[in-house]
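The values are calculated or read from the model by the stated rules, or taken from the named source; none is laboratory data. This structure is a prediction, so every number in the text was calculated from the model and none was measured. Using ideal geometry, Cβ is built from the backbone for each residue, glycine included, and neighbour counts are taken over all protein chains shown. All accessible areas refer to the heavy atoms of the entire protein, side chains included, with ligands and DNA or RNA removed. Shrake-Rupley method; radii C 1.70, N 1.55, O 1.52, S 1.80 Å.
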Amino acid sequence: MKEFNSIIKERTINKSPEYIYQLWTTSDGLNKFFSVENDIEIIPNGKYEIYFTKESPIGLRGSEGCKVLSFIPNRMFSFTWNTPPSLLDLRNSGYYTWVVITFDEIEVNKTLVKLYNLGYPLDKKWNRGYQYFEKAWDIVMNELEEYCNKK
C-alpha cells in the first residue's frame, strides 16, 4: 500500500458553520479571503478553480483543473488540488492532491474549521509541494480567520 503525507490545519472561528461554508463555496465568498477571481460549480465534479492573479496566462493563474469531490452543506466540503506554477514539473504531472474541509459547530456562532490536504506522495520530488502547502494553508486559514473576525 502506498503511503502519503497529509497536512492538517485548524482554526476556531467566531461564525456559524453556515457562514464559513458559504465563504468556501460561493464565488463572492472566496473572493473575500482567498482569490482575486474564481470559476466554481458546487456540484460533484464541478469546477473549483481559484485564481490568484489575472495577469498570468490561462493555466497558470491558480487552481485550474481542480474539481469538487463532495459536500455536505454547512458540514463538509472536498475538492482536488494542484500545485502552484512555481512547481511546474509537479503541476504538469497530472496528479492532484485533495482537500477536505469540515465545519463543526462548537457552540452558537463558534465553529472549528479543519482543513485536510491529503495525498502527497512520499518521495523527494513531492516534498516540495508538501512543504509549500504546509506554509500556504496556514496563510489561507489566517486570512479566513482575519476576514471573519472583521465581520
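Values computed for the structure shown
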| quantity | calculated |
| --- | --- |
| Folded to 0 to 90 degrees: helix 124-150 orientation relative to the chain principal axis, Cα | 20 degrees |
| Under 17 Å from the Cα of LYS125 - lysines, other chains or at least 8 residues apart | LYS2 |
| Heavy-atom accessible surface of the stretch 46-89: percent carbon and sulfur, 1.4 Å | 61 percent |
| D (Stokes-Einstein, µm²/s), Kirkwood Cα radius, the stretch 1-43, 1.567 mPa s at 4 °C | 103 µm²/s |
| The stretch 2-78: relative contact order in percent, alpha carbon pairs under 8 Å with at least 6 residues between | 24 percent |
| Distant alpha-carbon pairs in the stretch 5-86 (separation over 14 angstrom), percent | 66 percent |
| Cα-based equivalent ellipsoid, the chain: semi-axes from gyration tensor eigenvalues, Å | 25, 18, 14 |
| Approximate spin-label separation VAL36-ASN149, in nm, with each point projected 7 Å along Cα-to-Cβ | 2.6 nm |
| Under 17 Å from the ASN127 label point (7 Å along Cα→beta-carbon), backbone N, the stretch 71-106 | 90 |
| Area of ILE40 that stays accessible when all protein chains are in place (1.4 Å probe, Å², to 10) | 30 Å² |
| Accessible area per residue in Å² at 1.4 Å probe, computed on the chain | 53 Å² |
